[in-house]
Amino acid sequence: MEKSALQIARAAYQPKLPLALRGALNAVEGEPTQSVADQEEVEKLFPNTYGMPYLRFEPVDGEMKTQQMNVGVILSGGQAPGGHNVISGLFDGIKKLNPANKLYGFILGPSGLVEHNYMELTAEIVDEYRNTGGFDIIGSGRTKLEKKDQFDKGLEILKALDIKALVIIGGDDSNTNACVLAEYYKAIDAGVQVIGCPKTIDGDLKNSEIETSFGFDTATKVYSEVIGNIMRDCNSAKKYWHFVKLMGRSASHVTLECALQTHPNITLIGEEVEAKNQTLDDVVTYIADAVADRATRGMNYGVVLVPEGLIEFIPAIKKLIAELNDMLAANQADFDLVADDNKISYVLKHLSDENAAIFKSLPLSVSRQLALERDPHGNVQVSLIETEQLLAEMVGKKLAEWKKEGLFNGKFSTQHHFFGYEGRCAAPSNFDADYCYSLGFNASMLIAAGKTGYMSSVKNTSKPVDEWIAGGIPITMMMNMEKRNGEMKPVIRKALVELDGNPYKYFVCHRTKWARETDFIYPGPIQYFGPAEVCDQPTKTLTLEHE
Ligand code: FBP
């Protein structure tokens, strides 16, 4: 495989480990934990893994060695920069414990476990992928692990390969599956530990112990670079309004972080739209007002950031999606028999009048996505909805009306962009390279400590790596009950943008100035070599959250 000059130089980078992970260590137990909500129901569903204590690793004298063991690893869900470093950290960790230990990768996500599709990850293979972006070392997939026969099929291959522990690298849905699997294997005394690792560019898998999910740092730096480039183009030509949709299925963390890095004129935050009970028309009016105001000062240009999950936060659409979910779950068999061309009218007939009216008012491309196309976890595929275009068109119509009424005298020409996939496989920033390597290495220590149902946790990450704190948190601690496909299920609670949190409050203090003036910041591309203030800065979100 021919490599770029950067790939070759980057391969030589040795990710840093926190002090606590550099030698022998001791697992110190903290307080027993509780799930974030619905404690009774969650405890009933996880009798063997509920309530376990926090763990923190502390350095001790001596050497860490284990009996020979094999470990399996799965990359699950959407790609996030640094996945290969989780695997290389895990590989180095288990080899340090015993050079005879082996690592097996299951191919193309959780389906590799069920379908017995795997490969041994040797030193030669792992070395090819150190500090690179992507999940291509073994591939990823979105198969949902939820049925007993899937767990049993998986156990067959785990036993055949003599695998003692399985590491699942994934987001909230995948780690929910990891938790269910850990509980099942413990309940049947299968002798297989399951450990999770917090991945997702969306940044919505976090709490006091998981300060950030990996990939968020790199992805937001890539998006901020290109947003900055667009801003410079915008400020040079002074003739377009750029509508930029940013990935992040539900929470608006990616959009908020990019706003903090680049100072766009308008930034929509889904969580705020929901809290203010805004309609689509309220959002459109908010943008049109800012456009009209800039036009009075001759500035017929600007940049608008739109989170891809916005549509689901608009309360009326959220209600519609909830009814759609229940209706489709109750009528699935019937619905599957309806011809494709008749599906939309079937949906309309089965919705309440209020929701049918909203459904009808949406462009066909949006209603199709809401009703017909879901991912295997039942999520609406918001990255396929062209919200940026929808908003630009609606703002254009409103401004045309205002023009007739003499309320708008400017020009309004638009460009649309969607940044998502281009950030998910970038070469990990120094932060993600170190963080991911530490998460993987730490996972090997959780395995050595005999733990199951834990997520690898590395915190204090706004400080230098030496001071990072390694340990584990029970996954059940992050659970609550939510309705999925018409049934209440235990799932990890998504961390949304907190409207009383520092990052959002900082943004609110500055957004009026950013809207009126042209205060763009141009972050430039991620730097891997050079002064620490250029190469090693964590995200603004992380910094503000830990001020
Ligand atoms: P994960 O939650 O699995 O990390 O995936 C996140 C994400 O990148 C979302 O931001 C986006 O909406 C979705 O994946 C896109 O999914 P797909 O890769 O299947 O198109």
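The values are calculated or read from the model by the stated rules, or taken from the named source; none is laboratory data. Since this is a predicted model, take the numbers as computed values, not measurements. FYI the Cβ positions are ideal-geometry reconstructions off the backbone, even for glycines, and counts take in every protein chain you see.
Summary of values
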| read-out | value |
| --- | --- |
| Positions within the stretch 257-287 being among the hydroxyl-bearing types (Ser, Thr, Tyr) and within 26 Å of residue 216 (Cβ to Cβ), in sequence order | 262, 267 |
| Any hit, the stretch 409-429, residues being assigned to a loop (DSSP other than H, G, I, E, B), more than 30 Å from residue 211 (Cα to Cα) and either touching an Asp or Glu at 6+ places or on another chain (Cβ under 6 Å) or of a type in the set (Phe, Trp, Tyr) (or both) | yes |
| Selection count, the stretch 384-401, where residues are surrounded by fewer than 20 Cβ atoms within 10 Å (Cβ to Cβ) and closer than 18 Å to residue 250 by Cα | 2 |
| Matching residues in the stretch 154-210 - criterion: being hydroxyl-bearing (Ser, Thr, Tyr) and away from the ligand (no atom under 16 Å from the Cβ) | 184, 185, 208 |
| Residue 204 vs. criteria within 30 Å of residue 521 (Cα to Cα), part of a loop (DSSP other than H, G, I, E, B) and not polar (S, T, N, Q) | yes |
| Residues within the stretch 21-38 that are out of contact with any helix residue (DSSP H, G or I) (no Cβ under 9 Å at 6 or more places or on another chain) and surrounded by 16 or more Cβ atoms within 10 Å (Cβ to Cβ), tallied | 1 |
| All strands (runs of 3 or more DSSP E) inside the stretch 453-537 with 2 or more residues being at pLDDT below 95 | 479-484, 487-492 |
| The listed residue being hydrophobic (A, V, I, L, M, F, W, C), within 16 Å of the ligand (Cβ to nearest atom) and closer than 30 Å to residue 426 by Cβ, out of 80, 12 | 80 |
| Candidate set: the stretch 362-414, residues that are polar (S, T, N, Q) and more than 24 Å from residue 346 (Cβ to Cβ); chosen: the one nearest to the ligand (Cβ to nearest atom) | 383 |
| Residue 443 vs. criteria assigned to a helix (DSSP H, G or I) and buried (at least 22 other Cβ atoms within 10 Å of the Cβ) | yes |
| Residue that is modelled with pLDDT of 95 or more, in a loop (DSSP other than H, G, I, E, B) and farther than 13 Å from residue 168 by Cα, where the choices are 79, 67 | 79 |
| Number of the condition not met by residue 417 [criteria: (1) away from the ligand (no atom under 16 Å from the Cβ); (2) of a type outside the set (Phe, Trp, Tyr); (3) at pLDDT 95 or above; (4) within 30 Å of residue 297 (Cα to Cα)] | (1) |
| Residue that is farthest from the ligand (Cβ to nearest atom), among those in the stretch 250-260 that are buried (at least 24 other Cβ atoms within 10 Å of the Cβ) and not acidic (Asp, Glu) | 259 |
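A quick yes/no check of all residues on (1) at negative phi; (2) assigned to a helix (DSSP H, G or I); (3) more than 16 Å from the ligand (Cβ to nearest atom); (4) touching a residue at least 12 places away in the same chain (Cβ under 8 Å):
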site	(1), (2), (3), (4)
233	yes, yes, yes, no
264	yes, no, yes, yes
278	yes, no, yes, yes
287	yes, yes, yes, yes
294	yes, yes, yes, yes
